[in-house]
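K.L.:
The structure's right below; bear with me while I get my questions together.
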Amino acid sequence: MRVLLDESLPHDLAAELPGHDVRPVSKQGWAGLENGELLRRARHEFAVFVTMDQNLPYQQNLQAIGMPVVLIHAKSNRMTNLRPLIPAMLEAIAGAQSGVVRRVGA
């Protein structure tokens, strides 16, 4: 599955999601795009968007855009805080549905 990592997530996270083609926003050349434009572009090339932006579901009409989102709740975006959530992330990615936000973490 093609997975897009938001700018706020470390690139190292890509290697921790085996079985998926994971690309950070910056490597896609989309750094600095507003969330709406980013999601509209991503829906054509990626199966799911992974982010820590807690405001995203309130700022974007994700059902209209049709992009599945995995929203991570962690103390920080450091790998030490993200690594324990990887099994739940993988489960959320596998169960991604168009326009639905799957929350991971506390």
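K.L.:
Return yes or no: is R78 closer than 17 Å to V3 by Cα and among the basic types (K, R)?
P.N.:
It is false that R78 is closer than 17 Å to V3 by Cα and among the basic types (K, R).
K.L.:
For residues in region 36-56 being open to solvent by 30 Å² or more (accessible area, probe 1.4 Å) and in contact (Cβ under 8 Å) with a residue 12 or more places away in the chain, which is farthest from S26 (Cα to Cα)?
P.N.:
Q54
K.L.:
Moving to a separate point now. Among N61, N77, N81, which is the only one that is of a type in the set (S, T, N, Q), open to solvent by 50 Å² or more (accessible area, probe 1.4 Å) and either touching a Cys at 6+ places or on another chain (Cβ under 8 Å) or at pLDDT 95 or above (or both)?
P.N.:
On inspection, the qualifying residue turns out to be N77.
K.L.:
Condition first: of a type outside the set (A, V, I, L, M) and open to solvent by 30 Å² or more (accessible area, probe 1.4 Å). Now tell me which residues in region 84-96 satisfy that.
P.N.:
Selection gives P84, P87, E91.
K.L.:
Of everything in region 20-37, what is under 13 Å from P10 (Cβ atoms) and basic (K, R)? Give them in sequence order.
P.N.:
Across region 20-37, the qualifying residue is only K27.
K.L.:
Just to be sure, is A14 at pLDDT 95 or above and buried (at least 20 other Cβ atoms within 10 Å of the Cβ)?
P.N.:
Spelling it out, it is not the case that A14 is at pLDDT 95 or above and buried (at least 20 other Cβ atoms within 10 Å of the Cβ).
K.L.:
Within region 21-31, take every residue that is open to solvent by 50 Å² or more (accessible area, probe 1.4 Å) and in contact (Cβ under 8 Å) with a residue 12 or more places away in the chain and give me the one that is nearest to L56 (Cα to Cα).
P.N.:
Taking the candidates together, the pick is A31.
K.L.:
Among the listed residues M67, M89, identify the single one that is part of a helix (DSSP H, G or I) and touching a strand residue (DSSP E or B) at 6+ places or on another chain (Cβ under 9 Å).
P.N.:
The unique qualifying residue is M89.
The values are calculated or read from the model by the stated rules, or taken from the named source; none is laboratory data. Since this is a predicted model, take the numbers as computed values, not measurements. Methodologically, a virtual Cβ is constructed for each residue, glycine included, from the backbone with ideal geometry; neighbour enumeration extends over all protein chains shown. Heavy atoms of the whole protein, side chains included, go into the accessibility calculation; ligands, DNA and RNA do not. Shrake-Rupley method; radii C 1.70, N 1.55, O 1.52, S 1.80 Å.
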